[in-house]
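Right, one structure below, let's go through it.
The values are calculated or read from the model by the stated rules, or taken from the named source; none is laboratory data. Bear in mind that the values here come from a model prediction, so they are computed numbers and not experimental data. Glycine also receives a Cβ, built like all others from the backbone with ideal geometry; neighbour counts cover every protein chain displayed. What goes into the accessible areas is simple: the full protein's heavy atoms, side chains included, and nothing from ligands, DNA or RNA. Shrake-Rupley method; radii C 1.70, N 1.55, O 1.52, S 1.80 Å.
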Amino acid sequence: MGSLKNCIALVTGASRGVGKGIALGLGEAGATVYISGRTVEPGKGPMGLPGTIQETAEAVNRLGGIGIPVRCDHTDDHQVEALFEQIDREQSRIDLLVNNIWGGYERMFEGNEFTWPHPFWMQPIWRWDAMFNSGVRAHYVASELAAKRMVIQGSGLIVNISFWAAQKKIGNVAYSVSKAATDRMTSYMAEELKPYGVTVLSIYPGLVRTESVMNAAAFLDLSNSESPQYIGRAVAALASDPDVLKRTGTVCVAAALGQEYGFDDIDGKRPVPLSIKDV
């Protein structure tokens, strides 16, 4: 992978989990990474999970990048606009946007009932709203603001974090529909942005060892799992590829990118890419 020393990136939802891992992967490649999210106080994340935007920024700095934490609620358009205006003032450009912010995983239990796998008519409506407001809509708004700048530059990369649920019902209807919407949005945005030299693509992680997954590690087979930072290395590989535009509008599997670009996970392993049949 090439150096990203001159790359200005924004990773949304980067307090913990996949977002934090992406920021670290970009940081080790030398990028300047704006780290947005709502969690600024330790232990105040959803479900009490650890991680703050400041901690992610400090980790990026230790790896050789420049981490800049910015508190931002991506369901508030004014806060998102202010975030991009800050990047304008401080950097005058943006090269990479990673849309990782997501909602709907909160409160999988309603009372003592595990509602996540219920049929759609038994699902709480707030879950649909969270996935589309904090997920699909938030990705759309950030992409719109990034695209306005990237079109003027004549370059840029927008990465939407998605999953196999876009192609196969996994978990529940709302989850699969929201992921399908993310992938369709990727395709249509790519069509409009390609003439301006701007790439848009989706990335599918595998089983990622996030904080919440590790809380359930005793019940999971992690033999082919991925660290969050591995997804960051996949994004870094794409961002440093001068021919990345050829991928615009496509879905990339993180582990397949590892095989193609030749990078390993932080434990030295190279996960096997999943297929839709495996998921």
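Those residues that are surrounded by 20 or more Cβ atoms within 10 Å (Cβ to Cβ) and assigned to a helix (DSSP H, G or I), I need them from the range 186-212; list them, please.
The answer is T186, M189, A190, L193.
Within the range 109-118, does at least one residue satisfy the condition of being polar (S, T, N, Q), over 24 Å from D73 (Cβ atoms) and surrounded by fewer than 15 Cβ atoms within 10 Å (Cβ to Cβ)?
Yes - at least one qualifying residue is present in the range 109-118.
Hey, could you check the range 223-237 for residues that are more than 14 Å from the chain's Cα centre (by Cα) and open to solvent by less than 30 Å² (accessible area, probe 1.4 Å) and say which is farthest from G206 (Cα to Cα)?
This residue is A237.
If I filter the range 250-279 down to residues being of a type in the set (G, A, S) and open to solvent by 30 Å² or more (accessible area, probe 1.4 Å), which single residue comes out as nearest to I158 (Cα to Cα)?
A256
Could you tell me which residue of the range 46-76 is modelled with the lowest pLDDT, considering only residues that are over 16 Å from D95 (Cβ atoms), over 17 Å from the mean Cα position of the chain (by Cα) and assigned to a loop (DSSP other than H, G, I, E, B)?
L49
Scan the range 173-185 and tell me whether some residue there is crowded, with 19+ Cβ neighbours inside 10 Å, under 14 Å from V251 (Cα atoms) and of a type in the set (S, T, Y).
yes
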